[in-house]
1. In the list A:Gly104, A:Gly99, which residue meets the criterion of being at positive phi and open to solvent by 40 Å² or more (accessible area, probe 1.4 Å)?
2. Can you find, within segment A:123-151, the residue that is most open to solvent (accessible area, probe 1.4 Å) among those that are part of a loop (DSSP other than H, G, I, E, B) and out of contact with any helix residue (DSSP H, G or I) (no Cβ under 8 Å at 6 or more places or on another chain)?
3. Here are B:Leu256, B:Leu278: which of them is in contact with a His (Cβ under 9 Å, 6 or more places away or on another chain), in contact (Cβ under 8 Å) with a residue 24 or more places away in the chain, open to solvent by 20 Å² or more (accessible area, probe 1.4 Å) and not assigned by TED's automatic domain parsing to the domain that holds B:Ala471?
4. Going through segment A:57-80 one residue at a time, which ones are open to solvent by 40 Å² or more (accessible area, probe 1.4 Å) and within 24 Å of A:Glu102 (Cα to Cα)?
5. Looking at segment A:22-56, which of its residues are open to solvent by 40 Å² or more (accessible area, probe 1.4 Å) and away from chain B (no Cβ under 14 Å)?
6. Given the criterion of a type outside the set (Ser, Thr, Tyr) and over 35 Å from the mean Cα position of the chain (by Cα), identify the matching residue among B:Ala113, B:Ala45.
7. Take B:Asp84 and decide whether it is closer than 24 Å to B:Phe34 by Cα, touching a strand residue (DSSP E or B) at 6+ places or on another chain (Cβ under 9 Å) and modelled with pLDDT of 95 or more.
8. Mind checking whether some residue in segment A:114-122 is touching a His at 6+ places or on another chain (Cβ under 9 Å), assigned to a helix (DSSP H, G or I) and not small (Gly, Ala, Ser)?
Number of protein chains: 2
Amino acid sequence: MAFNPKTIAVVGASTKPQWMGGTTFIANLQQLGFPGRIYPINPKAEGMEIRGLKAYPSLVSVPEPIDLVIVSTPAAQVPSVLEDCIAANARNIHIFTAGFDETGEEEGKRLGAKIREIAQRGGLRIVGPNCMGLHVPKARISTLEQAATESGPVAFLSQSGGHAGQFVGTAPIHGIHFSKVISFGNALTLDSTDFLEYLATDPETKIITMYLEGVKDGGRLTRLVKEINPQKPVIIWKGGLTESGGRAVASHTGSLGGTEAIWDGFFKQTGAVRVDSLEELTDVTMTFLYLSHPPKGRRVALMGAGGGNSVAGADVCSRAGLEMPTLTEETRKILREFIPPEGTIIRNPLDIGMVLMDITLLERALEPIASDPLIDAIIFALPIGLFGMRPGATAQAQETQPQEDVYQRQITILSKFSKGSPHRKPVVVVLQLWRGGVGGAAGQRARLQAEFIRAGIPAYPSLERASRALAKFIQYHEFQGQLAEGL
Amino acid sequence: MAFNPKTIAVVGASTKPQWMGGTTFIANLQQLGFPGRIYPINPKAEGMEIRGLKAYPSLVSVPEPIDLVIVSTPAAQVPSVLEDCIAANARNIHIFTAGFDETGEEEGKRLGAKIREIAQRGGLRIVGPNCMGLHVPKARISTLEQAATESGPVAFLSQSGGHAGQFVGTAPIHGIHFSKVISFGNALTLDSTDFLEYLATDPETKIITMYLEGVKDGGRLTRLVKEINPQKPVIIWKGGLTESGGRAVASHTGSLGGTEAIWDGFFKQTGAVRVDSLEELTDVTMTFLYLSHPPKGRRVALMGAGGGNSVAGADVCSRAGLEMPTLTEETRKILREFIPPEGTIIRNPLDIGMVLMDITLLERALEPIASDPLIDAIIFALPIGLFGMRPGATAQAQETQPQEDVYQRQITILSKFSKGSPHRKPVVVVLQLWRGGVGGAAGQRARLQAEFIRAGIPAYPSLERASRALAKFIQYHEFQGQLAEGL
C-alpha cells in the first residue's frame, strides 16, 4: 500500500454534506493538513468544486498519477470504478463502500466475487471493502474525523472501522500514538497477514495490535505471528468468539470466525497477547509501551490505602494471576522504623494511606520494597479524593497537606524511581477514586492519569485493569523465556 | 443503635489537627450540620476548646445523657473508656480505634477479649472496633469527610471503613443515596446480622448492600437474608475469597473469611445478589434502584453504532449471560421501512449509529423493537464523540447536527419511553466513548451519564458493566420466581 501518497483521488465525493463518505474524507484530510493533492471524483460534479477542490468526472481524467484511490460510491458502481483504476494505472485502493459478502445476499456476494476477479486481473492492492482504510499521522492521511497528528510506535490492524476510530480517538489519553492504522473490513483481497508482513519490517512500528473477526489463511497467520512476536509484541483482540458474536461477525464483515478452541490453540502456539475488549487492548498496549524492563516473575507488592481495599486488591491481583507474597521479615522491620503500626498493614498488600500521601515517608518506603527479593513488580494504588482535596474541604484537612501538590510530587518521585532504580522492577500506578463529582475528583483523576503516563509510568483507573494488563505483560515475557532471571 | 442521636461525645478528640480521628470526626459532624450537641472528651484538654466546643475531661463529666459515644483513643485506653460509658449510662458506642484482634498479636487479642467482656457486662451496643461507624445523612451524622447530605433508600453494611467512605463518596454520581451506612470493622459485639435485622424493618431502607469479610453466625445470616431478600434485595460483596485475599482479611478485621465453596452455597440458597468489587456493587445497586419492572427474561436487544461494536457487544452480553436473539422478521420489516440498508445491521445487535443520532428515526425505532415478542430488555449503546462534537470539529460534521442537543433529546425521548411504554421492558443506556481528551468527550460522557440517571434511566460507562449488572438484576427476579410471565 501507499502509506505516503502524494496524490489521493476520492471517488464518490458528494457536493452535499454527508454523515460519512467521500466528502467527509476530503474534509478530514484537509483538516489533518494532508500536504499532497486531493482529487474529488464525481461524474455529476464536472466543472464544480467540492470543498474548494476541482472535481473530476472520472479517475482517467485526473491529470497526474494517483497514489491512493478512496472509493465511496454505492456498491453497484464499485466494479466499474475498479476498471477505471486499472485504466488510470492506480493500484492502491481503499474501498469504504459496504454492501458485499457481509450482506449475506446473492447480489452482495456476486459483487464481492467480481471485485476479487478485477483486483486479481489488474494487480490491484485493495484495502476493504467495508472499512475506513488508512490512518497514517506522519503522512497526514486519515479518513477519521479529527484524527490525532502525533505519531508513535504502535500499529493497529482492524477489521472494524469503528474500532479503528475508537482506538485512534481514545488512545492519546493513554499515551498511545500510532505508526499505521489499517482498517481493512471484509479483507476481500489484502488480508491481515499481508499487512502483518509489511509491519514486521516497518522501522516505525514496535508494537502490533490487531482486531480480527476472521482470517483466510490461519496457517500463515500463525507462522507470521510466531516469527514477529518475539521482536515486536503482537496484541490480538479476536471478536465474535461467542455464539451471538459469531453471528454478528457474519453480518459485519462476512468472515468465518473460527471457534474458541481454534483460537485458544493459536494463542498458546504463538504467544501472542490475547485481549478481549477495546479497553483491555488499550491497557495492555500502554503497559507494553511504558514498561521497558521485563520482570523477573509475577510476584507483586501492592501499596495502597484502606484495609478493605487491601482485601479487594489481593482478590483482584490473585484473580488476574499475580502472586502477592508477604514481604520478608527484613523489609517489614525496615518499614516499621518509620511506619507506625496503628491503622497500617505492611505485610502485602500494604495498607499505608498515610505513607502514600506523605512524600518523605513515600520516598523512604520505595527502596526497601523494591529491594525485597520476593517482589518482582510494584503497584501503587493512589487514593484520589480520600483526604479533603475538594474545594470546600474542612480547614482541618486542608491544613494537613495541600493535596494537588502531593500528587505532583508523587509523579516526580515515582517517575525518578521507576527510571533510576537499580532493581529495574516494573512500576505501575492505579488512581482509585474515593469521591465522585464530574468536575471534582473524577476530573482530577483523569488529569493525573494523563500526567503519570506523560512521566513514563503506566497509570490505570482501576486495579482490575492494571493487574490484568500487568499479568499479560509478564505472561508475554514468560512465553518468550525472557524473564530476567539473571538481573 | 442510636441512628438519630441528639448528643454525641467524641472521646480522644485532640487539640491538634489529625489525619483522621476524633477531631476530624467533630469537624465532619460540624460540616454536615449536625443539629445536636457535640462533646469533645480529652483529660488533657480540660478548660480548653476543641473546634469551638468546650472539652470535657471524661464522659461522666458531661452534663447531659449521651446518645452516641465515638471512641478514638489509643487501643490500650479503650477498656477504661468503656467502663466510663457504663458509669455515664451511655450504651451506644462506635469504636474507631484499631489495634485489637486484627493485629494477630497477643496484646491486641487480650484487649479484644476485654472489650467483649465489658460490653456484655454493661449491655453496651458497640459498632467496631476498627471502623468508621455510622453515616446517616438524614440525622446529619457521619464520621466521613464531606459526606453527602442527601438521603435515599439504600443501606450499606460494611466491614471496611474505606469501602464505606469510597461508596458514600462516589455513589451520588450514580444517583445512589443512603438511608444508613454502618461501617462495623471487627464486629466484636454487634455483627452484620444484628444490623441486618434492624434494616429489615427500617421503613427508609429498600435495598440492602453489604461488604463482608467474615461472619460469626453463618446460619443466622442465611436465614435472615433468605427472609429479607424477596422484599428488599440484598446485594453482597464478600471480600477475601482468594488465598491472598483471605490473608489480607485476617490482617484487616481479624475475621475468619470462609471458603469460596461455602459462599457459593450461601448465594445459591439465599438468592442474594453477588458482586465482586465496589464498581460492581455500584452498578448493580443503581440497576435495582432505577429499573422498576421485573423483566420477562434475559433476551436483550442491543442498539448501537459500528459493526465491530456489534460483534464486541454480542460477545460481551453473551459472556454476561444475556441472550441476543435475531429480531423477528416482522420487526425487521418495519425497521427497514425507514432505516437504509447501507452501513446498517438490524438483526440484533443493531448497528444503527445514524438512527441513534437522528431523533426522528430513533423515536420511530423504539416501538417496533420494544414490541418484538423475542425481546425482554433494551440496551442503548450511545456513541459519545463519534460525530464531530468537539470544539473545532469539521464544519461538515457541525452542520449535520448539533450534537449536544441530540444527546439532550435522546435523554428526553428515552426517559419518556422507559416510563411510559406499555411493554414495561427495562431500558438501560451505555455511553461509549469514541474520543478521548480529559475536558472533551470524556467529560461530556460523565455529564451525560449523570443526566441520564437523573432522568431515571440507569446509565453505565461500558457495556461490560451494563450487561453484568442487568444480568444480576434478571437473575434476582428469576430466583424470586418473579419473572413477569403474565405481563
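The values are calculated or read from the model by the stated rules, or taken from the named source; none is laboratory data. Predicted, not measured: the structure shown is a model, and the values here were computed from it. When we count neighbours, we look across all protein chains shown, and the Cβ atoms used for this are built from the backbone with ideal geometry, even at glycine. Only protein heavy atoms, including side chains, enter the accessible area calculation; ligands, DNA and RNA are left aside. Shrake-Rupley method; radii C 1.70, N 1.55, O 1.52, S 1.80 Å.
1. On the way: A:Gly99 fails: open to solvent by 40 Å² or more (accessible area, probe 1.4 Å).
The match here is A:Gly104.
2. Taking segment A:123-151 as the starting set, the residues that turn out to be part of a loop (DSSP other than H, G, I, E, B) are A:123-124, A:128-132, A:140, A:143-150.
This time we only want the ones that are out of contact with any helix residue (DSSP H, G or I) (no Cβ under 8 Å at 6 or more places or on another chain), so: A:123, A:128.
On the way: A:Gly123: 39, A:Gly128: 0 Å².
That would be A:Gly123.
3. On the way: B:Leu256 fails: in contact with a His (Cβ under 9 Å, 6 or more places away or on another chain).
None of the other options fit; the residue is B:Leu278.
4. Passing the criteria: A:Pro74, A:Ala76, A:Gln77, A:Ser80.
5. Selection gives A:Pro35, A:Arg37, A:Pro43, A:Lys44, A:Glu46, A:Gly47, A:Met48, A:Glu49, A:Lys54.
6. Working: B:Ala113 fails: over 35 Å from the mean Cα position of the chain (by Cα).
Being of a type outside the set (Ser, Thr, Tyr) and over 35 Å from the mean Cα position of the chain (by Cα) holds for just one of B:Ala113, B:Ala45, which is B:Ala45.
7. Working: closer than 24 Å to B:Phe34 by Cα: no; touching a strand residue (DSSP E or B) at 6+ places or on another chain (Cβ under 9 Å): yes; modelled with pLDDT of 95 or more: yes.
So B:Asp84 does not fit the description; no.
8. So in segment A:114-122, the residues touching a His at 6+ places or on another chain (Cβ under 9 Å) come out as none.
Taking every residue of segment A:114-122 in turn, none turns out to be touching a His at 6+ places or on another chain (Cβ under 9 Å), assigned to a helix (DSSP H, G or I) and not small (Gly, Ala, Ser).
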